Every structure is written in C-alpha cells, then in structure tokens.
C-alpha cells in the first residue's frame, strides 16, 4: 500500500516542536532525583547534608536536585539494592556490603573503592560503650560486658554493619589481652553474646532498645550514635565509656553506576559524594559526630571525640572478605556462637 | 569483776543485735526485693521489645511474600509482594440449549452445546506491562480470541498490541460474560469481532473521557481475523464520555466509534461478511456460486463504519442503545463497483427485581443463592429490540432477493438469574422477522429459545 505523508503540512509542526526543544534546552536543566541507600544511623547526617548539597548544586548548575533517603541495616540495604532497589548512590556501613553490590549485582565496578579519596570513606567512626548515668554496673572496658549480670544491647551482625564492627572490636580487644588468641577471643565473645537479650536488625533499632525501651546496662554503639544519644536523645541520662581498644570504622560511599546511568544522574551522584569531602561536607559530618578526614575540620572538632587506641580490620582480621568468611558467613563463627533461644 | 564486765558487755551486744536485727533483715529484704523488681522489669521490657521486633519482622516478611489468591472476581492469581509481577488464571464456560420453535420452512436442529469454553491467562510483568491470552474451545473448534500485550504508561496513555476487540460496537465491547442476552443483537453484525493490530488508548478523569485509536489488519463485519490478505489497513477510533460521575445520571455514557480502510477481496477470497439471526443462523450473504465461483461478489474498495452509542445505568435499571452504519464497496465480474450502506440499531433494557445495581459489567448478587439460608441470588428481567437493513442497491446484483432477506427485525425478552457472582442462568426468547428472502415473500420468522448456564471466574 502506498502511504502519502503530507510533508508540507507537517513542516510547521516540526519547526514548532524543534523551537520548543531549543527553548527548553536553553532554560533551566530538568530537575533530578537521587536515591541514597544508606545504613541505619545516618538519617540525621544525610537530612542535613542533602539540603546543603541541593542548595550548592542549584547554585552551581541551576538544576533542582531532590535526594531521597533509605535507611536500614547495612547488609539488608545492600541486599535490597542487589534485588532491585534503584539506588543512585550507596553510603553503607562497610566496604564488604558495597563489594557485594559490585559482585552479585554487577551494578558498579570491582574497583569502586579506588574512585574516591580515603578508600571512598569520607568520614570515619569507631565503636564505644554507652552506659546509663552513673555507670551502675561499673563498666570500664570490653571485659566487663561478659560478666554475669550485665545485660548488653547490640544489633545482629547478620543484618547490621554496625553490629559487625561491634563484634570485631570485642574480638580484637580479646586478642590483645595477655595470653589472648583466637580460642580465648571466641570464648570471650561467646560469653558476651550470652548477655545479649535482644538482637535488633540495625544500629538505630538497638539504640531504641537501650535508650527508649530502657533495656540493658550497656549499648555497644557507633561513636556517632552514642554521642547523639547523649546530646539529643537522653540528655543527662547516659555516659560514654571509651574502651581500651576499639576499631577504626570506615563507612564507604559509592555511585551505583548502572542505576545512575539508567537514571541519567551519574554526574550529580558523583558530585554529591565528592561534596562529602569538601570542608562543608566534613563540617556537617563532624556536627553529626562522625570523625572528619579533613585535618582542619578534624582539629576543630577534636574535643568531642574520646581518645581511643584504634585497630583496623585489615591488620587484625586480614580485610573484610576474610572477616566475613570467618565470622559472619552462614555457618561461620557468629552462627556457632549465637544461637537464639539458647 | 572482769566476769561481770564481760557479761554486761555481752548482754549489751546481744541487746543491740536483738534491737537492730529486724532492721538489718528488713533492709536486706528491701534490697533483694528492689533487685528482683528491677530484674522483672527488665524481663518485661525485653519481652515487649522482642514482641515489637517479631511484629516488625512479620511485617517485613509479609512485604516480601508472594501471595496466592482465589476469588470469583479475579480468578486464581499468584502475585509478587510488590504487585509488579502477577499471573492470573480466569475462565468462562457457557453451556447452552438452543431451541427453534415453528421452524418448518427453515428447520434448525435443537441442540445442547458448549457456546464458549475459554481459559484466560493474564500476566503483569513489571510496572507497565500486562498480557492476556484467551483461546476459545467452544462449539467444537479452537479459536484464538485474545492475545495481546498492554503497555500502560499512565491512565491517560496506553499501548495495546496483538489480537483483540477493536473498539467499535458497544455490545461487542461488553464482555461475553457480561452481555444481557445470551446472543448479541442484530446490530453487532455490522461491527468487527476480533482483529490484529496496534491501539493507543487513554482514560482521563477516571473514566469521564476515554479514547481509543488503532490501526488493524481490517476484518469484514462480524469478522475474527488472524492475518491480512492485502497491504491496506483499517483505522479504528472511539471516544466515550461519562460526563456525570455521580447522581442519577452518574451511569450515563455517550460515545461514537468508527473505522475506515480499504479492502480488496477476490472472487476466490471475497473478504465480505454474512449476517446472522439472533439464533446464529445465516440470513444474509452476498452472492456466491459453487458452480461459477468467478461470479462471486467481493470487497472492492472503501470499508467504513460509524457507530454512535450510549448507555444509562441507574440503580437496578440499565439501558443501552447503538446505531451502526457499515459501508462497503463491492464488485463482481461484469458489474461496476458499488458502495453499499447497511444500517442497524438496537436498544436493550434490563432491570434487577432483587435491587442490585445495574452496570456495564455483570452484577454481583446482594445475597448469593443459598437455599439453607433462604437467599435467592439476583434476578434480572430484560427486553431488546433490534433491526438490520441491507442497502437496496445490494439486490439483485450482489445478493439474490429470492433467497436473501433485505431486512431483519427482532424483539427479545429474557430472564437472568445470578446464583453468585460467578454463576448465571439465562433463559431468553427472541422473535425475528424478515423482509423478503423467498420467492413467495418473507422468510419464515425465527422463534428462538436459548438457555444458558454460565460459569465465569
């Protein structure tokens, strides 16, 4: 069949559409939305940071950016991204979780950690002990947590990144005790988890258990979460106990290339994460009790952070991959140590 | 002296002990009790928190859970937790009895048979894609009725591709499980049944305005096609308004549909329709000859249809009506091409004696049939009138007046008993008369009784 197109009639319409397109191209860029999938205690940090970044980005490019947040246990969040939650960026509790997104989801390259400074970790934190005012159980160090009659609150390492840091910090302390070795560390951590009455799925849930529900004598917590609890959730009701040894937690961030590419948000997602490293970003992190990387900001906020001897996962556990396989994989040490209901 | 002092001091100590002992014991009891209360308080708090966490876990698990459901409305379905993926199995079975009364001149066999037997498979794949496949095994044949994919980007804009009903005839657009009478009216003869093509559609204002526009292979009136015999395609479109969404006129709908295209058949493959009586007997056909097939009439040019239509549903009352004109250019060997215009209309009314709300879709009885509970289901009375007129220019060149009537008229009454949403029993009587069709005059009237037991889910 012959099809006749009325080209002459269509030309004005085409010209009109082209004109409109050019006009649009010359106007404000199209608004964009990012989804930041993060771990449990970063809600307040990113609420603050997102506003600041949106203002910065609008000023720089004229583009409106809206950042949506999703929070939960770090491991659980990583699983959600692998299963289809369309995160433009992830800001999780540990590198292993982003490795999983790269490996199992294929959503970003394996070398993601080398794409931003400090192993893609713009701020650090550590693990401390939060006790009730007056420290009624006399908690001074990790060893006290395994004593009879002490009730300990910590989340579940199977779902929470923070809980893994907690667990490894306790293990590292036990290794550094006189005569300490893998067997004594295991025995100590086993006794410690026998004192845990409730395993929350994430760090924020554990804080709720300890602070709001009034359960337990000590909360093993992110330093930022413990400082937040003292300053904002329960003024005058809690004290921080700095253990003799703790672990240097380096929560990493990354652009999820495939999703950001699909959404056309790669540039703004990259800028979003880079902004965490700026003085403004570092100030915001410090105000929310994360230890900043930038020396000038770190010096300014030095007084708010307890002085601790910090070990790293790499030096004590041989990196996250090994730590996961030994301690947190199905059937590994944590499953052997902690059996619900027993 | 020393002894006296010893005994004196001993007595003082003992007196002191006796005096203070209850207080010490009481203090110890109090400390122990407080510790016990604290311990119990912690236990209660722990149990409460564990219960909270268990509830959270259950809620989270429910979100991830694939659900399987069964209902008379939606059939059997399996759905992912987020609702983005689903498979639904539905079905329609109609067991009919057809009885032709006073059929001495045109005898037709009374028979029980399966009018429709349709398993229906529907699937939702992701956020925007839906599929439907509906074969029919009724009447001892296998025919694919629907096989299409919908891309539903927004209510105002959707794309359908595959085989489906072109949006032309109001009664045809109504599902076979929802039609008021067992068989559709004479007017439906002038509209396509199923065709293969692409259609854009939209719904604005939650049904206040719906539109469809599509391109199809093109089929003759009443046709159910799977392919095309020519390059030409038909275009079909429909707009339908429901201006009042509430009140007495809330169920008023008015619209118009039309098709246009070219169809060029051949004497061997004429691409022309035959028309049926309400009893599904052929009463009109274009001229054809088994001895000289070269003389067969065939489609030869423009085919178009125009179908204004309306319905009104208010309380238990339902009315719908439509008018259809169908133009078809036809030719035969040795004759000039002539553009014929056939016209038809129908109006149908129904009323639920049991008070159910009438609508374009089947009603659900207020109380399903249950003899033990003394409930009856829903009872609907229905009446219909329809006509179909063949263009005078058809005779005698393109159809024989001696064997083909030029007009059919039919009135019908019926009763529908809805035992439950899924089960309907139908009894209809339809009387059709004809103008012409025999050498002696009019073709014998058709007196058609049909019974139906329908199960749809």
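No lab work stands behind these numbers, since they all come straight from the coordinates. Remember, predicted model here, so these are calculated numbers, not experimental data. Ideal geometry is used to build each Cβ from the backbone, glycine not excepted, and the neighbour counts take in all protein chains shown.
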proj_area_mean for region A:34-83 (convex hull on C-alpha atoms), units nm², value 3.6
Simple spin-label estimate for residue B:178/residue A:287, 7 Å along Cα→Cβ, in nm, reads 5.8
For chain B the mean separation of alpha carbon contacts under 8 Å (6+ apart) over residue count, i.e. relative contact order in percent, is 12
What one gets for chain A as the Kirkwood radius, inverse of mean 1/r over different Cα pairs in Å, is 21.7
Note: region A:238-304, point scatterers on Cα, Debye, no solvent; log10 I/I(0) at q = 0.11, 0.14, 0.18, 0.26 Å⁻¹ equals -0.39, -0.58, -0.80, -1.13
In deg cm²/dmol, rounded to the nearest 500, the helical mean residue ellipticity at 222 nm of chain A, built from -39500 (n - 2.57) for every DSSP H run of length 4 or more, is -12000 deg cm²/dmol
Note to self: C-alpha centroids of region A:264-342 and region A:83-152 sit apart, in Å, by 5
Using the Cα gyration tensor of region A:154-270, the equivalent ellipsoid's semi-axes, largest first and to the nearest Å, work out to 30, 21, 14
Rg/Rh over Cα atoms for region B:341-400, Kirkwood Rh, comes to 1.35
What the Cα atoms of region B:66-130 span along the principal axes, largest first and in whole Å, is 62, 22, 12
Placing one equal point scatterer on each C-alpha of region B:137-295 and summing with Debye, one gets log10 I(q)/I(0) at q = 0.16, 0.18, 0.19 Å⁻¹ equal to -1.04, -1.25, -1.35
Correct semi-axes for region B:365-457, from √(5λ) of the alpha-carbon gyration tensor and rounded to whole Å with the largest first, are 41, 11, 10
With Cα coordinates, the longest principal axis of chain A makes an angle with the long axis of helix A:266-275, in degrees rounded to 10, of 40
Rounded to the angstrom and largest first, Cα extents along the principal axes for region A:85-188 equal 47, 33, 25
Per 10 angstrom bin, beginning at 0 and ending with the bin that holds the maximum distance, the Cα pairs of region B:223-299 fall in percents of 14, 28, 29, 16, 10, 3, 0
Mean separation of Cα contacts under 8 Å (at least 6 apart) over the residue count of region B:285-375, i.e. the relative contact order in percent, is 25
Taking a ≥ b ≥ c as the square roots of the eigenvalues of the Cα gyration tensor, with a/c under 1.5 meaning rounded and otherwise prolate when a/b exceeds b/c and oblate if not, region A:102-163 is prolate
Taking region B:219-367, the whole-percent share of alpha-carbon pairs separated by over 26 angstrom is 43
Most fluctuating of A:203, A:183, A:87 in the GNM of chain A (C-alpha, under 10 Å) is A:183
Once both label points are put 7 Å beyond Cα along the C-beta direction, the residue B:85-residue A:298 separation in nm becomes 4.7
Computed from every Cα-Cα pair in region B:281-438, P(r) in 5 Å bins starting at 0 and rounded to whole percents is 2, 8, 14, 14, 13, 11, 9, 8, 8, 6, 4, 2, 1, 0, 0
Whole-Å distance linking the alpha carbon centroid of region B:156-185 with that of region B:188-203 is 8
In units of 2.2 N^0.38 Å, the Cα radius of gyration of region A:160-210 is 1.24
Under Stokes-Einstein, chain B at 10 °C and 1.306 mPa s, with its Kirkwood radius over C-alpha pairs, diffuses with a coefficient in µm²/s of 60
Rounded to the nearest 10 degrees, the helix B:2-64 long axis (Cα) sits at an angle to the longest Cα principal axis of chain B of 10
For the protein assembly as shown, Rg(Cα) over 2.2 N^0.38 Å is 1.45
P(r) of region A:44-116 over all Cα-Cα pairs, 5 Å bins starting at 0, rounded to whole percent, reads 3, 15, 22, 19, 18, 15, 8, 1
Mean projected area, convex hull of alpha-carbon positions in region B:107-222, reported to one decimal in nm², is 8.8
When chain A is treated as a Gaussian network with springs between alpha carbons less than 10 Å apart, the largest mean-square fluctuation among A:155, A:178, A:252 is found at A:178
One finds the C-alpha centres of region B:263-329 and region B:87-155 to be spaced, in Å, by 21
Dividing the mean separation of Cα pairs under 8 Å (6+ apart) by the residue count of chain A yields a relative contact order in percent of 22
Taking Cα atoms, the helix A:161-175 axis meets the longest principal axis of chain A at an angle in degrees (rounded to 10) of 30
Cα pairs beyond 14 Å in region A:286-328, in percent, come to 60
Within the set A:221, A:185, A:285, GNM on chain A using Cα springs under 10 Å gives the largest fluctuation to A:185
1/(1 + (r/R0)^6) with r = Cβ-Cβ of residue A:51 and residue A:316, R0 = 51 Å, i.e. FRET efficiency to nearest 0.05, evaluates to 0.85
